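Structure, as C-alpha cells:
Every number here is computed from the coordinates shown, using simple stated rules; none is lab data. Predicted model, so just to flag it, every value in this text is computed and none were measured. Cβ coordinates were reconstructed from backbone atoms using ideal geometry, including for glycine residues, and neighbour counts include every protein chain displayed.
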Amino acid sequence: MPTLEVQTNVDASKLTPELAGKAAQVVADALGKPKSYVIVSFKSAVMSMGGESGPTAIAHLGSIGKIDREMNKKTSKALSAFLVKELGLPEDKFYIMFHNLNKENVGWKGTTFDDFL
C-alpha cells in the first residue's frame, strides 16, 4: 500500500529496476510495512529548483497510516540518505511530500483497502 513516486533530473541511466527495489526496501523498513506492498516509480523530468537546473528531485510518499510528525521525520531521514547516496543529489535540492491515504480511497483487487484493513 505505500507508494513512492520520485521525479528527478539526474541522468536517466541511474533510474533502474534495481534502484526501485532498493527504494522499496527503504520505504518498507522506514514505515514497518511489507516490501511486497510497496510500489516505487522513478521518472526522468526537466526540473529546476530555485530557478537553477542542477540535480534536483521531488518525492511523493503515500501510505495508509504511518504518516505523522514523528514517522515523517524518521522516514525523511532514511529517504534523504538514500536519494543522496544513490542519485548523488545534494541534501538541500529535493523535497519529500508525505500523503496520509484513507483506506477507503485506495483501490486494490477490485475493491478498496477498507475491505481488507
*Residues His60, His99 arranged by fewest to most Cβ contacts within 10 Å*: His99, His60
*Taking only Cα atoms, what is the 0 to 90° angle, nearest 10, from helix 17-31's long axis to the longest principal axis of the chain?*
60 degrees
*Please give the net charge around Leu83, taking every other residue with its beta carbon less than 10 angstrom from that of Leu83, where Lys and Arg add +1 and Asp and Glu add -1.*
0
*asked:* Quick check on the chain: helices-only [θ] at 222 nm, where DSSP H runs of length 4 and up contribute -39,500 (n - 2.57) each and the sum goes over total residues. Nearest 500, please.
replied: -9500 deg cm²/dmol
*Using only Cα atoms, locate the centre of the range 77-95 and the centre of the range 6-64, then give the distance between them in Å, rounded to an integer.*
10 Å
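Report, in listed order, any pair from Lys33/Lys74; Lys33/Lys66; Lys43/Lys66 with a Cα-Cα distance greater than 18 Å.
With Cα atoms farther than 18 Å apart: Lys43/Lys66.
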*What order do you get for 25-31, 37-43, 101-107 when each peptide is scored by the mean count of other beta carbon atoms within 10 Å, highest first?*
25-31, 37-43, 101-107
*Quick one: of the DSSP bridges fully inside the range 3-115, what percent are antiparallel, nearest 5?*
40 percent
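At a temperature of 37 °C and a viscosity of 0.692 mPa s, determine how fast the range 40-117 diffuses translationally according to Stokes-Einstein, using the Kirkwood radius over alpha-carbon pairs as Rh; express D in µm²/s, rounded to the nearest whole number.
Roughly 228 µm²/s, to the nearest whole number.
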*asked:* With +1 on the Cβ of every Lys and Arg and -1 on the Cβ of every Asp and Glu, and nothing else charged, how large is the dipole of the chain about its Cα centre, in debye rounded to the nearest 20?
replied: 240 debye
*Residue-by-residue Karplus 3J(HN,Hα) for the range 38-55, coefficients 6.51, -1.76, 1.60, Hz, glycine and proline x*: 7, 10, 10, 9, 10, 10, 7, 8, 7, 9, 8, 10, x, x, 9, 9, x, x
*Please give the peptides 86-94, 2-10 ranked by average Cβ packing (other Cβ atoms within 10 Å per residue), highest first, as a rough proxy for protection.*
2-10, 86-94
